[in-house]
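So the structure is just underneath, and the comments pick up after that.
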Amino acid sequence: MSAGCIHMPGGSVLPTAMHKRGLQLLFGFILVSLTAWNLWVSTRQPVWQWGGLTTPPDNLWTIATLVDAYYGFITFYVWVLWKERRALPRALWFVAIMLLGNIAMSAYVLRQLARLGAADSMSTLLSARNP
């Protein structure tokens, strides 16, 4: 069986959509673009001066969006919690994910991709636990 491929009846082999390089590019883009965007926006207006957090009716959608985002962070952290065996990395990644969101999550995925061997499949990325 070839890693990263789908074996079809009749012997044909199809490559899967998830390849290490593609994931590196995707999460690298997320990391760089979110970091650049946040740095640029912070020079224009500090987040604590934005009226959407406290001014109706914006605040209801703001709260809904934040809850949705943090549910996503927690969902991702469940994977981190499983992958990381030691308490200190688990705690540090939790803090980073809750404070930085997708920036920290992209950094985590890029770190896991860097640890992945050339012959490893994407299932190794998702299922192998860190030492």
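The values are calculated or read from the model by the stated rules, or taken from the named source; none is laboratory data. Just so you know, these numbers come straight off a predicted model, no measurement behind them. Backbone-built Cβ (ideal geometry, glycine too); neighbour counts: all protein chains shown.
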Region 1-36: number of residues that are closer than 30 Å to Ile97 by Cα and at pLDDT 55 or above: 18
Residues within region 59-111 that are closer than 25 Å to Pro131 by Cα and of a type in the set (S, T, N, Q), tallied: 3
So Leu92, is it more than 19 Å from Thr124 (Cβ to Cβ), surrounded by 11 or more Cβ atoms within 10 Å (Cβ to Cβ), modelled with pLDDT of 95 or more and of a type in the set (A, V, I, L, M, F, W, C): yes
Filter result for Thr35 (free of Cβ contacts under 8 Å to residues at least 40 places away in the same chain and either assigned to a helix (DSSP H, G or I) or surrounded by 12 or more Cβ atoms within 10 Å (Cβ to Cβ) (or both)): no
Test set (1) without any contact (Cβ under 8 Å) to a residue 24 or more places away in the chain; (2) surrounded by 11 or more Cβ atoms within 10 Å (Cβ to Cβ); (3) not aromatic (Phe, Trp, Tyr) - Leu99 fails condition number: (2)
Test for Trp40: is it modelled with pLDDT under 75, loosely packed, with under 11 Cβ neighbours inside 10 Å and not aliphatic (A, V, I, L, M): no
Residue selected from region 111-123 under the condition surrounded by 16 or more Cβ atoms within 10 Å (Cβ to Cβ) and of a type outside the set (A, V, I, L, M), by the criterion nearest to Lys20 (Cα to Cα): Ser121
Residue within region 46-64 that is within 23 Å of Phe29 (Cβ to Cβ) and either acidic (Asp, Glu) or surrounded by 13 or more Cβ atoms within 10 Å (Cβ to Cβ) (or both) present: no
